[in-house]
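Written below as C-alpha cells is the structure these notes are about.
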Amino acid sequence: MDASSQRIAALAVVALAIVALVARAFRRRKGAGCNAGCVCATRPRRTE
Amino acid sequence: MGSDASQPNTGGDPRASLPAHFSGNSPVRRRPSAAPRAPVYAMVGNPNCGKTTLFNALTGLRQKVGNYPGVTVEKKMGEAYSQHGKPMWVIDLPGAYSLAARSPDEAVTRDVLLGRRTDTPQPDRIICVLDATNLERNLYLAHQILDLGRPVIVVLNMMDLARRAGVAIDAAKLEEQLGVPVITCEAVHNRGVVELRIAMSRAELPLARHRWDVPAPIAPAVAELQAGLVDEGRPPLVARAEALLLLTDFDTVRVAGSTPLGNRTASVLEAWRRRWSAEGTDWSAALIKSRYEAINVLCQGVVDRPAPKGLSLSDRIDALLVHSVWGWVVFGVIMAAMFLSIFTLAEYPMGLIEGLVADGAGLIKETMPPGDLRDLLTEGVIGGAGGVVVFLPQILILFLFVGLLESTGYMARAAFLMDRPMSRVGLHGRSFIPLLGSYACAIPGIMATRTIENAKDRLATILVAPLMSCSARLPVYLLMIATLLPGREVPAMTKAGLMLLMYALGTGGAFGFAWLFKRTFLRGDNPLMILELPPYQPPRLKEILRQMLERGWLFLRNAGTIILAISIVLWFLTTYPKHPDPQATADTQIAHSFAGQAGHILEPVIKPLGFDWRIGIGLITSFAAREVFVSSMGVIFGVESADEDTAPIREAMLKATWPDGAPLFTPLVCLTLMIYYVFAMQCMSTIAVVRRETHSWRWPLFQVAYMTGTAWLVCLLFYQAGRALGF
C-alpha cells in the first residue's frame with residue numbers, strides 16, 4: 001500500500017469516525033454513556 | 001389452576017387493549033381484539049424485599065440487585081412466559097412502604113398502580129412481594145394494594161431468612177384470611193419461582209376477601225371523594241383506594257407523567273381538610289392506626305415470632321460496624337484495602353495488557369509500510385483506545401469491591417455511619433447511597449436521589465454527586481500517579497494513599513458545597529433519617545461476578561466505540577494539516593496541526609495552572625467522557641514519539657517538555673491535573689441526566705459553571721502555591 005492509498009484509507013476511517021460520533025449524538029437516549037451499567041445500560045432488552 | 005392466563009380477569013377494568021408499544025394496538029382503541037393479549041403484572045413491595053431478584057428470575061433479565069433499600073428507582077418492564085409458553089408482561093416497580101408516596105420513586109409505584117401514568121398500562125394483576133422476616137410491616141402496603149380490588153398474588157419472600165430467625169408463618173392460613181393466593185419463596189435460590197409462575201398462569205384469580213372498615217368520622221369524606229373520582233373515570237374500588245390515599249396527606253409528590261387531580265376532587269378534599277382541622281380530627285393518623293389494627297387481627301395465628309433471645313448475628317456485627325469510633329475505623333480499612341488492591345492485584349494483568357498493546361503496535365509497524373494509515377492504527381487506534389483498555393483490571397477490582405459492599409448489606413451501614421457528618425453539612429443521610437453510588441458513576445447516583453423525599457435535599461445531592469470520584473476518573477488518576485511516581489520501587493501504599501486522597505478531596509468538596517448550598521439557596525429543615533438496615537447476607541459471588549463482567553464489558557465497549565472514534569478524530573486533528581517541510585520534527589508538526597492551533601488559543605487560560613496546550617486538548621476532548629483524557633494523551637504523545645519504539649503513554653509523557661526544555665509533567669503538574677479532574681464537570685452524559693432529573697437546563701449549566709470554575713481556581717491556588725514553595 002503506497003503512501004497516497006494509505007492517506008485515502010486513513011481519511012476514510014476518520015470520516016467514518018466523525019459520522020459515528022455525530023450519529024451517536026443524535027440517537028443518544030436517556031442514560032446512554034453511563035459507566036456503571038447498573039441503572040440504564042442494562043435496561044431490559046426485550047422491552048419497549 | 002392449570003388453564004392459561006390468556007384472558008385474565010381484570011377486576012372490572014374496561015380497558016381492553018394495551019398501548020401501542022405493548023401490543024401493537026392504538027392506545028385509544030377500546031374494541032376488544034380477537035387475539036388474546038398478554039396480561040400485565042406489576043411487582044410491588046417494600047424496599048429491599050427481593051422484588052428485582054424475583055423479576056430477574058421470572059423474566060430472565062439482569063436488572064441490578066443489591067442488599068440495601070432503594071436500588072430500583074424507576075419502573076422496569078420485562079417479558080415472562082406462563083407455564084404454557086404464553087407471554088406475560090411484568091413491571092418491576094420501585095420499593096414503597098406505603099402507597100402514600102413520600103418520595104419520587106414511591107410516587108412512580110403509586111401512579112402505575114392507580115393508572116395515573118400515561119406511559120404505562122394499568123396492571124391487570126399485582127404480585128405483592130412481602131419480606132417474610134418483617135411480615136407485619138410489609139402487610140401495610142399489601143393491605144393498601146388489596147384495597148385496589150385487582151387480582152393479587154402475595155409472595156412471601158426470604159422464607160429461609162425467616163426460618164433462620166425462628167419466625168413461623170402459616171401461609172395457608174394467610175391465604176385463607178386474605179382470599180388471594182399466597183406463595184412462599186426464596187427468590188435468591190430460585191425456590192418458589194415455578195409455583196409463582198403457575199399462579200400467574202391461572203386464567204382466574206380470586207379477588208381479596210379482606211374486610212377493613214374505614215373509621216366512622218372519615219367514612220363520609222371517603223365516600224364523597226370516591227364519588228368524585230368515579231365521575232373522573234376511575235373504577236369504583238380504585239377510586240376508593242385513591243380517596244383513602246388523598247386523606248393520608250402524603251399524596252402531594254407528583255412526578256412527570258402523572259395525571260393531575262381534578263378540580264372538583266381537589267376542592268372536596270380541601271373542604272374536608274379544613275373541616276377536620278377546625279374540629280381537631282387527626283384524619284391521617286386515624287386512617288393509619290385503623291389499618292394497623294386490621295393487620296394485627298390478620299396476623300393472629302399466622303405469624304409466630306419467638307421471644308427475642310438477645311442480639312442476632314447482624315446486631316452483633318452492627319455493634320462494631322456502626323459504632324461511633326470503630327465503625328469509622330472499619331470504614332477506613334475497607335476503603336484503604338480497596339485502593340491498595342487496585343494497585344497491587346492489578347499490576348500483573350495490567351502489565352500483560354500493556355505488553356499486548358505494545359506488541360500489536362509493533363506488529364503493525366513491522367508489517368505495514370510507513371504511511372498515514374499505519375500511523376492512524378498505531379497512534380490513533382492503539383495509542384488512544386488501547387491506552388485506555390490497559391486500565392480494565394483496575395476497573396474490575398473497583399467494581400468487585402462495590403459489589404461486595406452492596407451484596408453483603410454494608411452499604412446501608414455506611415449510610416447510617418455517614419448520617420452524622422452529612423447532617424452537619426445539611427445533607428440527609430439518605431443522600432449517602434446516591435453519593436456512594438456516584439463512586440461508580442454519577443449517573444445512577446443521580447437517579448438514586450429519587451429516594452430522597454425533600455426536593456431541596458434531592459437537588460443539593462444531585463448538584464454535588466458528580467464531585468464524588470467516579471470510575472471514569474480512575475484511569476486519569478492512575479495515569480497521573482504512574483507519571484508522578486514512575487519507579488516500580490514506589491510502595492503500593494504510597495500510590496493507594498494518593499488515590500485515597502483524591503477520593504477524600506472529592507468527597508470533602510461534595511460535603512463543602514452541600515453545606516454552602518443548604519445554607520444559601522437550598523435552605524431548609526434537616527429531616528431525621530429513617531433507614532432500614534437489612535440483615536447481613538453472604539456475598540452472592542455469582543451476581544457480583546456478573547455485575548463486574550458487565551461493567552468491565554461496558555468499559556471495553558466505551559473504549560471500542562466513543563473513545564476509539566474520538567481518538568481517530570484527534571489523530572486527524574494532530575496530523576493535519578501537514579507541515580510544509582516534510583523533514584519537520586514531530587513537535588513542529590503537531591504544533592502546526594488543527595489541534596495544535598486550537599490548543600495554543602486555549603493555552604493562556606490554563607498556563608497559570610501549569611498546563612500546556614497539549615494538556616488543554618485533553619481537557620477539551622475529555623468533556624465527552626473523562627477516560628478520553630488518557631486516550632488523548634496517548635494520541636498526542638504517540639504522534640510526538642512516532643519515530644521511537646512504542647512505549648507506554650506515561651513514558652512518552654515523561655519526556656514531554658516546555659519550549660524552554662523544562663519538563664512538562666512535573667509531580668506538581670500531575671497533582672494539579674488530578675485535582676482538576678476531582679472538581680471539573682467533564683461528562684456530557686451527567687449533564688444530560690441532571691437536565692432530565694431537574695426538568696431544566698438551569699441546574700446542569702450551574703453545575704458545569706460552579707464545578708469547572710472551582711477546578712480552575714483550586715488548581716491555580718495549588719499550582720502557584722507549589723511553585724512559590726519551590727516544587
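Every read-out reported here was derived from the displayed coordinates using simple, explicitly stated rules and does not represent laboratory data. Everything numeric here is computed off the predicted structure, so don't read it as measured data. When we count neighbours, we look across all protein chains shown, and the Cβ atoms used for this are built from the backbone with ideal geometry, even at glycine.
How much length, in nm to one decimal, is gained on full extension between B:E279 and B:I198, taken as 0.36 nm per residue of separation minus their Cα-Cα distance? Before the final figure, lay out each step's value.
Numbers: separation 81, 0.36 × 81 = 29.16 nm, distance 5.15 nm.
Separation in residues times 0.36 nm, less the Cα-Cα distance, equals 24.0 nm.
List B:C670, B:C299 from most exposed to least, where exposure is judged by having the fewest other Cβ atoms within 10 Å.
Lowest count first: B:C299, B:C670.
Once you have the alpha carbon radius of gyration of region B:328-397, what is it after dividing by 2.2 N^0.38 Å, with N set to its residue count?
Working: Rg = 17.2 Å, N = 70, 2.2 N^0.38 = 11.1 Å.
Against the empirical 2.2 N^0.38 Å value, I get 1.56 for region B:328-397.
Which peptide among B:262-275, B:300-313, B:142-155 comes first, and what is the full order, when sorted by highest mean count of other Cβ atoms within 10 Å? Kindly include the intermediate steps, with their values, before the conclusion.
Numbers: B:262-275: 14.6, B:300-313: 11.2, B:142-155: 23.5.
Those peptides, ordered most packed to least, come out B:142-155, B:262-275, B:300-313.
Set the Förster radius R0 to 25 Å, insert the Cβ-Cβ distance between B:V605 and B:F727 as r into 1/(1 + (r/R0)^6), and round the FRET efficiency to 0.05.
Values: r = 22 Å, r/R0 = 0.88.
E between B:V605 and B:F727, to the nearest 0.05, is 0.70.
Run through every distinct alpha carbon pair of chain B and return the Kirkwood hydrodynamic radius in angstroms, one decimal place. Don't skip to the answer; put the middle values down first.
Numbers: mean 1/r = 0.0351 Å⁻¹.
For chain B, the Kirkwood estimate is 28.5 Å.
Multiply the residue gap between B:S696 and B:Q300 by 0.36 nm, knock off their C-alpha separation, and tell me the result in nm, one decimal place. It would help to have the intermediate numbers written out before the result.
Details: separation 396, 0.36 × 396 = 142.56 nm, distance 5.11 nm.
Between B:S696 and B:Q300, full extension yields 137.5 nm more.
When only alpha-carbon atoms count, how far does the protein assembly as shown stretch along each of its three principal axes, as whole angstroms with the largest first?
Per principal axis, max minus min of the Cα coordinates gives 93, 62, 50 Å.
If I model a spin label as a point 7 Å beyond the Cα along the Cα-Cβ vector, how far apart are those points for B:A319 and B:D170 in nm?
3.6
Count, for each residue of B:557-566, the Cβ atoms from other chains sitting within 10 Å of its Cβ, then give me the mean as a whole number.
Numbers: counts 2, 4, 0, 0, 4, 6, 0, 2, 11, 2.
Taking the mean over all residues of the peptide, I get 3.
With each run of n ≥ 4 DSSP H residues scored as -39500 (n - 2.57), what mean residue ellipticity at 222 nm is computed for the protein assembly as shown after dividing by its residue count and rounding to the nearest 500 deg cm²/dmol? Intermediate results must be reported in sequence, preceding the final value.
Working: 33 runs with 418 residues, N = 775.
Value at 222 nm, helices only, nearest 500: -17000 deg cm²/dmol.
Against the longest principal axis of chain B, how steep is helix B:104-113, in degrees 0 to 90 to the nearest 10, with axes from Cα atoms?
40
With a Förster radius of 35 Å, plug the Cβ-Cβ distance of A:M1 and B:E489 into 1/(1 + (r/R0)^6) and report the FRET value to the nearest 0.05.
On the way: r = 45 Å, r/R0 = 1.27.
Computed FRET efficiency for A:M1 and B:E489: 0.20.
Which of the peptides B:687-694, B:704-711 is most tightly packed, and how do the rest follow, going by the mean number of other Cβ atoms within 10 Å of each residue?
Numbers: B:687-694: 20.2, B:704-711: 17.8.
Taking the mean over residues of other Cβ atoms within 10 Å, the ranking is B:687-694, B:704-711.
Per residue of B:443-449, count partner chain C-beta atoms within 10 Å of its C-beta, then hand back the mean as an integer.
On the way: counts 12, 9, 3, 1, 6, 2, 0.
Counting other chains' Cβ atoms within 10 Å and averaging over B:443-449 gives 5.
Across peptide B:682-690, how many C-beta atoms of other chains are within 10 Å of each residue C-beta, on average? Could you put the intermediate results ahead of the total?
Working: counts 0, 3, 3, 8, 2, 0, 6, 7, 0.
The shielding value for this peptide is 3.
Find how many whole Å separate the alpha carbon centroid of region B:542-566 from the alpha carbon centroid of region B:147-171.
Region B:147-171 and region B:542-566 have Cα centres spaced 38 Å from each other.
With r defined as the distance between the Cβ atoms of B:I353 and B:A705 and R0 fixed at 30 Å, what FRET efficiency is calculated, to the nearest 0.05? Walk me through the numbers on the way to the answer.
Values: r = 38 Å, r/R0 = 1.26.
Efficiency, from the Cβ-Cβ distance: 0.20.
In nm, what is the difference between 0.36 nm times the number of residues separating B:I288 and B:R211 and their Cα-Cα distance?
Working: separation 77, 0.36 × 77 = 27.72 nm, distance 1.53 nm.
Contour length minus Cα-Cα distance gives 26.2 nm.
Using only Cα atoms, figure out Rg for region B:464-547 and give it as a multiple of 2.2 N^0.38 Å.
Details: Rg = 18.6 Å, N = 84, 2.2 N^0.38 = 11.8 Å.
Ratio of Cα Rg to 2.2 N^0.38 Å: 1.57.
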